[in-house]
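Step one of this worksheet: look at the structure below.
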Amino acid sequence: MNKIVKIIVSGAIALVISCVAFFVYESLRYSHSRSWEKWKEYTWLIKDSEKHVDIGHSNVRERAIHTLFWYDNHTRFVIWEFKDLGKIDLDNIFFDEKFTLDEVDIRSGEVFNPNAKNRVRVKYGYSFNNAFSIHLDKQSEIRKRFEGANYKGFSADISKMSFSNEYREHQILFDYQEKIPSVVVLYKARGSFYVIIIDSKHPIHWTAINYLNLE
């Protein structure tokens, strides 16, 4: 009997160790690294950035970079660069409204801003497989859509939003604690693909795209 108990205990310990080891492996391999300098490479996206932007940070992976900075301390820019989507056709990107996102649970991944109202969950090893879609939940509401030669986007009150790949697998989930009025811009430039999310401490309008240097 004692031998059986020892086998069960040993097996349980081995399982726990394996799970912990796998978690550590995923974390080391797929986690973004924090940079306090990389964000400066994205200020070209903002008009007159040298006058209005003075602090920011980036979360960096080899082929994808998440950057945040403030404009005059009241308007926030979140910029995602996905280098592998540089050839994507903007006409093939869709905005799905009234989507059910309450059951989306990205357990194996990182959380940006874990204690803030604008929490973001990022799946370890996320990939978009040359396709990209945006989903907004039933509590969110798109106010206006817009597009240009090399960009498209919308203004919306966002509660939950996700980025998914061609298999409709949710890779990144924006899980806001309250609705945040935002402007979302998808932009192709310099051989890469950017998703720019703008929100503010003040009321925001879709014309916030005028902050951007859309080449």
Limited to the stretch 122-149, what total is found for residues that are touching a strand residue (DSSP E or B) at 6+ places or on another chain (Cβ under 7 Å) and either closer than 18 Å to I198 by Cα or of a type in the set (D, E) (or both)? 11
Meets criteria (part of a strand (DSSP E or B), at pLDDT 95 or above, within 17 Å of H135 (Cα to Cα) and not hydrophobic (A, V, I, L, M, F, W, C)) for K160: yes
Can you tell which of I180, I172 is in a strand (DSSP E or B), touching a strand residue (DSSP E or B) at 6+ places or on another chain (Cβ under 7 Å) and closer than 27 Å to E215 by Cβ? I172
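Each row is one residue, and each column tells you yes or no for (1) loosely packed, with under 13 Cβ neighbours inside 10 Å; (2) within 15 Å of the chain's Cα centre (by Cα).
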position	(1), (2)
R63	yes, yes
W70	no, no
F94	yes, no
Y124	no, yes
S133	no, yes
L136	no, yes
Which residue, of K98, K152, is in a strand (DSSP E or B), more than 24 Å from I209 (Cβ to Cβ) and not aliphatic (A, V, I, L, M)? K98
For residues in the stretch 163-215 being touching a His at 6+ places or on another chain (Cβ under 7 Å) and within 26 Å of W44 (Cβ to Cβ), which is surrounded by the most Cβ atoms within 10 Å (Cβ to Cβ)? S200
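For every residue, the table says whether it meets (1) assigned by TED's automatic domain parsing to the domain that holds E41; (2) free of Cβ contacts under 8 Å to residues at least 40 places away in the same chain; (3) not in a loop (DSSP other than H, G, I, E, B).
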site	(1), (2), (3)
H66	yes, no, yes
P114	yes, yes, no
G125	yes, no, no
L136	yes, no, yes
I142	yes, no, yes
A156	yes, yes, yes
Yes or no: L85 surrounded by 19 or more Cβ atoms within 10 Å (Cβ to Cβ), modelled with pLDDT of 95 or more and either hydroxyl-bearing (S, T, Y) or more than 15 Å from the chain's Cα centre (by Cα) (or both)? no
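The values are calculated or read from the model by the stated rules, or taken from the named source; none is laboratory data. The shown structure was predicted, so the numbers you read here are calculated from the model rather than taken from an experiment. Here the Cβ is made from the backbone with ideal geometry for all residues, glycine too, and neighbour counts use every protein chain on show.
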